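For reference, the structure is listed below as structure tokens.
The values are calculated or read from the model by the stated rules, or taken from the named source; none is laboratory data. Predicted model only: the values in this text are computed from it and were never measured. As a convention, Cβ positions derive from the backbone with ideal geometry for all residues, glycine included, and neighbour counts pool all protein chains shown. What goes into the accessible areas is simple: the full protein's heavy atoms, side chains included, and nothing from ligands, DNA or RNA. Shrake-Rupley method; radii C 1.70, N 1.55, O 1.52, S 1.80 Å.
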Amino acid sequence: EVPFLVLLAAVTLKERLDVKKVLGMVIAFIGIYLISGQPELQGKGVAIAMVLTGGFLWATGQIIVRKYIRLGGLTLTAWLAVLAAPQLFITSLLFESNHVSVLQTADLNTWLTVLYLGLIMTAVGYGCWYHVLGRYPASRVGPFLLLTPVTSVLGGALFLGEQLTSLTIIGGSIIILGVAILVIEKSSET
């Protein structure tokens, strides 16, 4: 998502793309590669193409939001929910089954997870994201998404008791370094 967002912002929004930004992305991706445990990609061309296509389409949507939509972050998120809900209900009816029994047997943790994902992560998270994206250049905001693997790994360690390996810690540190290179600018004041 991030390279597509930064490249599309440079092309469509005329945001500056320099060697420093490219270097920061490369460094961050080295860290992501280390955190992911060097995944096996051979024979997974369709899956890779789907991930790349999804990242490109997401970045395209963010450029559209940045360039054309002047709603507040929460308002935009609310409208997206209104427009997406019917599509998601139809998709669920077409591709999933046992809707009533799943609802009846869902435990408290399941409902708390649904509430967290719907209210905190989506409404608050995307509301804040769209607010920031509307105020600052996409090429300046987008690199913070590279911190997602770091926060995911830390969340897994904190909430699920997953083990942090030295390779994961090194990878996370490299990601943070790459993001810092991307977003920290020297002050023009001396």
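With the stretch 1-120 as the region, which helices (runs of 4 or more DSSP H) entirely inside it contain at least 3 residues that are within 28 Å of ARG140 (Cβ to Cβ) and in contact (Cβ under 8 Å) with a residue 60 or more places away in the chain? Lay out the reasoning, then the answer.
Values: elements: 2-12, 19-35, 45-68, 73-95, 99-105, 108-115.
By residue number, 2-12, 19-35, 45-68.
Could you grab me the full set of residues in the stretch 165-184 that are part of a helix (DSSP H, G or I) and of a type in the set (Ser, Thr, Tyr)?
Just the residues of the stretch 165-184 that are part of a helix (DSSP H, G or I), to begin with: 166-183.
Scanning the stretch 165-184 gives SER166, THR168, SER173.
One line per residue, one yes/no per condition, for (1) touching a Cys at 6+ places or on another chain (Cβ under 9 Å); (2) within 21 Å of CYS128 (Cα to Cα); (3) basic (Lys, Arg):
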residue: ILE27; (1), (2), (3): no, no, no
residue: ILE48; (1), (2), (3): no, no, no
residue: TRP58; (1), (2), (3): no, yes, no
residue: LYS67; (1), (2), (3): no, yes, yes
residue: LEU71; (1), (2), (3): no, yes, no
residue: ALA78; (1), (2), (3): no, yes, no
residue: PHE95; (1), (2), (3): no, no, no
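Determine if the stretch 89-101 includes at least one residue that is touching a His at 6+ places or on another chain (Cβ under 9 Å) and open to solvent by 80 Å² or more (accessible area, probe 1.4 Å). Even if it seems obvious, please write down each step before you answer.
So the first thing to find is which residues in the stretch 89-101 are touching a His at 6+ places or on another chain (Cβ under 9 Å), and the list is 92-93.
Add one more test, that the residue is open to solvent by 80 Å² or more (accessible area, probe 1.4 Å), and what stays is 93.
Yes, the stretch 89-101 contains at least one residue that is touching a His at 6+ places or on another chain (Cβ under 9 Å) and open to solvent by 80 Å² or more (accessible area, probe 1.4 Å).
Of the residues THR60, THR122, THR75, which is in contact with a helix residue (DSSP H, G or I) (Cβ under 8 Å, 6 or more places away or on another chain), polar (S, T, N, Q), open to solvent by less than 100 Å² (accessible area, probe 1.4 Å) and modelled with pLDDT under 90?
Values: THR60 fails: modelled with pLDDT under 90; THR75 fails: in contact with a helix residue (DSSP H, G or I) (Cβ under 8 Å, 6 or more places away or on another chain).
After ruling out the rest, the residue left standing is THR122.
Might you check whether a residue that is more than 25 Å from SER173 (Cα to Cα) and in contact with a Ser or Thr (Cβ under 8 Å, 6 or more places away or on another chain) occurs anywhere in the stretch 15-31? So that I can check it myself, show each step before the final result.
First, the residues of the stretch 15-31 that are more than 25 Å from SER173 (Cα to Cα): 15-16.
Next, only the ones that are in contact with a Ser or Thr (Cβ under 8 Å, 6 or more places away or on another chain) stay: 15-16.
Yes, some residue in the stretch 15-31 is more than 25 Å from SER173 (Cα to Cα) and in contact with a Ser or Thr (Cβ under 8 Å, 6 or more places away or on another chain).
For (1) within 27 Å of LEU145 (Cβ to Cβ); (2) touching a Pro at 6+ places or on another chain (Cβ under 9 Å), each residue gets a yes or a no:
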residue: LYS44; (1), (2): yes, no
residue: GLY55; (1), (2): yes, yes
residue: ALA84; (1), (2): yes, no
residue: ASN98; (1), (2): no, no
residue: VAL102; (1), (2): no, no
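Can you find a residue that is open to solvent by 70 Å² or more (accessible area, probe 1.4 Å) and touching a helix residue (DSSP H, G or I) at 6+ places or on another chain (Cβ under 9 Å) anywhere in the stretch 106-114?
No, the conditions are met nowhere in the stretch 106-114.
Which one of these does LEU80 not meet: (1) open to solvent by less than 70 Å² (accessible area, probe 1.4 Å); (2) modelled with pLDDT under 90; (3) hydrophobic (A, V, I, L, M, F, W, C)?
Result: LEU80 passes all but (1).
Of everything in the stretch 137-164 that's in contact with a helix residue (DSSP H, G or I) (Cβ under 9 Å, 6 or more places away or on another chain) and not in a helix (DSSP H, G or I), which residue is most open to solvent (accessible area, probe 1.4 Å)?
Once the filter is applied, the top-ranked residue is GLN163.
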